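Report on the structure given below.
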Amino acid sequence: MGRKILDQERQKSGNNDIINSAITSSMETALHVAAGANQAEFVEMLINDKDNIDLTFQDVHGNTAFCSAVAAGSKRIVQKFLTLTHLLPTDYCFIKTRGGQNMSPLYIASWFGQPQIVSLLYQDSIDKANIEDGEILGIYFNCIHNDMYDLAIKMIEDNVDNFRLGIAHCWDTTDESALHVLSRKRPLDFTSSPQAKTIWSRVWSRISCQSPSEMPALTLAKIIWKQVLEKHGYQYNEIRRIIKHPFNLVIEAANNGNFDLLVVLIRMCPELIWERDDENNTIFHIAILNRHVKIFRLIHEVGVLKSVIRIEAGNNSNNILHLVARKPQQSKLDSIIGAALQMRHELLWYKEVEKIVAPSLRNKKNDENQTPNDIFTKDHEQMMSDAEKWMKKNCNTCLIVATIIVTVAFPAAFDILDQGDKDKHNVSSVSQLPPPRDIISIILLISNAVAMSFSSIAIMLFLSIMISRFTKNEFLWTLPCTFITGLSLLFVSVTAMMVSFCFASFIPNESLRIPIFSSCIELLPIILFFYLVYPVFRDTIHSTFFSQNEFKATNRLLKHYEK
């Protein structure tokens, strides 16, 4: 199709060199457009169409088609261009030719975040393109900004004798160091602890005897931080001046929940644990405000528990219990399903912080004459109301399902008993009844009894939730446990009811094909019920029985990072 269009345009315009003509207002040729759109087949067709194609043609911004391919990130097209040396003028090289704003192809690839292209061009660019230190610094920061940490590490290793990239600052107006950039990254970019891995990955690591691999971002942070400390002779005053400009990277990492980066910084410079923001908050106060449990748990490891508790945050004489009583931003709670579990999460945080606070501080009033409990009640008033509505809504739905099961299972049980009485009075029928039919009748009776009794118990449990007072203490244990038990019994009753229906289909049929087919269909509701209810059931169990473990003191967190 592309060739046909080009031939038609040649006939209309009478220009045989239309392949080298600009077709956009930016003076781009068809090759520019195709390379920028990752159309590898069309690019190859254009290149093979005429031997006199101009690969050096620049658009109004000074970019060649090769620059467009580099920005688009098409490795296939870039490799194709690099093989076309026979179509280029003498001494012309794609890697050396700069594009718009005098940017090298390597810089363009790093700017647009194309890791494959940067890896492809890096070594040849360093050897041939005469890239200056300033541009190397820009490429280095582009790699960090665009999460190409492996390439940033390689650049540090390749430029040790030239200058230290780790202690350099960005050459744009931000004047940030690499650590400042890393402090704003997502915590997942650094996560390498065993706690962050899935169960199956941990099992496989044990079986294969493999040590957990370290994330490139964490490795980069260690290299950079070591360079900074060595450069300033581990002098805390000098180091503190570096980390506070243009913003305090320790506080920024704490705000973002960047636990792994904080551990790297604190292990090599423990004094940083006392860094504070403009409101006198330490990283532990910030962890409480933003509900970063891993950072908060460090308070048990570094031996500063009593000292941190004595620090009052802000200008209102608030202690850490006042801080945890405040409702966090909704984005901090969105990962928790349901308002009731969010409320329990908030209550758990309050209780855990209350454990480490001296009794004299638990009812201490701030400058606004508010105790921590007053703040918690006021800030969480709407959440309490939403939690009550969420719990009642779900219990009401479960009540309807349980009632339907009882309605179906109750008469079914009597039908089975009536059928058994008829068979006993019909001697000829009993003598001809195969033994498996008796077993099926027993299974039917048991499954109906399980479905009816478990549904009845579930109804009583959900009713107890509906008439509950919904106090804060009930949200901690009573309501979640009752809800979990009722949901479990409801699932068992649904399963028992469907099993009863499956076995009932075998009684009137001599052939097994139809009963087996109908049984497969009747088992689908069990799978669907489990699939739909499982997320809420899983989160409720985790929140009720396992979330407390996240607050337990441990000495493993810092040791995990020792190399």
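The values are calculated or read from the model by the stated rules, or taken from the named source; none is laboratory data. Please read all numbers here as calculations on a predicted model, not as lab measurements. Cβ: placed from backbone, ideal geometry, glycine included. Neighbour counts: every protein chain shown.
Before moving on, here are some points about what is shown:
- For the range 277-299, the condition holds for no residue, the condition being that it is more than 25 Å from residue 375 (Cβ to Cβ) and in contact with a helix residue (DSSP H, G or I) (Cβ under 8 Å, 6 or more places away or on another chain).
- Flag: residue 307 does not match the condition of being over 21 Å from residue 282 (Cα atoms) and loosely packed, with under 15 Cβ neighbours inside 10 Å.
- Residues that are without any contact (Cβ under 8 Å) to a residue 12 or more places away in the chain and of a type in the set (Gly, Ala, Ser) occur at least once in the range 286-306.
- Selection status of residue 335, under 18 Å from residue 473 (Cα atoms) and free of Cβ contacts under 8 Å to residues at least 12 places away in the same chain: no
- Residues located in the range 311-329, provided they are assigned to a helix (DSSP H, G or I) and of a type in the set (A, V, I, L, M): 320, 321, 323, 324, 325
- Meets criteria (within 39 Å of the chain's Cα centre (by Cα), closer than 21 Å to residue 127 by Cβ and not in a loop (DSSP other than H, G, I, E, B)) for residue 78: yes
- Pair list, Cβ < 6 Å and 6+ apart or interchain, from the range 484-507 residues that are in the same structural domain as residue 441 (by TED's automatic domain parsing) to residues that are small (Gly, Ala, Ser) and surrounded by fewer than 21 Cβ atoms within 10 Å (Cβ to Cβ): 502/519; 505/518
- The set of residues in the range 169-186 that are of a type in the set (Val, Ile, Thr) and modelled with pLDDT of 90 or more contains only 181.
- Here residue 318 meets the list (1) surrounded by fewer than 20 Cβ atoms within 10 Å (Cβ to Cβ); (2) over 27 Å from the mean Cα position of the chain (by Cα) almost entirely, failing just condition (1).
- Being hydrophobic (A, V, I, L, M, F, W, C), surrounded by 14 or more Cβ atoms within 10 Å (Cβ to Cβ) and at negative phi is a property that residue 84 lacks.
- Test: residue in the range 84-102 that is of a type outside the set (Ser, Thr, Tyr), within 21 Å of residue 28 (Cβ to Cβ), at pLDDT 85 or above and under 33 Å from the mean Cα position of the chain (by Cα): no
- From 360, 317, residue being small (Gly, Ala, Ser) and on the phi > 0 side of the Ramachandran plot: 317
Residue-by-condition table, conditions (1) more than 23 Å from residue 383 (Cα to Cα); (2) part of a helix (DSSP H, G or I):
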site: 309; (1), (2): yes, yes
site: 331; (1), (2): no, yes
site: 335; (1), (2): no, no
site: 343; (1), (2): no, yes
site: 364; (1), (2): yes, no
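- Checklist (1) part of a helix (DSSP H, G or I); (2) surrounded by 20 or more Cβ atoms within 10 Å (Cβ to Cβ) applied to residue 281, failing item: (1)
- When every residue of the range 95-106 is checked against the conditions, none turns out to be over 22 Å from residue 138 (Cα atoms), assigned to a loop (DSSP other than H, G, I, E, B), of a type outside the set (Phe, Trp, Tyr) and in the same structural domain as residue 126 (by TED's automatic domain parsing).
- Residue among 134, 113, 166, 138 that is assigned to a loop (DSSP other than H, G, I, E, B) and either within 30 Å of the chain's Cα centre (by Cα) or at pLDDT below 90 (or both): 113
- In the range 460-470, the residues that are surrounded by fewer than 21 Cβ atoms within 10 Å (Cβ to Cβ), assigned to a helix (DSSP H, G or I) and not small (Gly, Ala, Ser): 460, 463, 466
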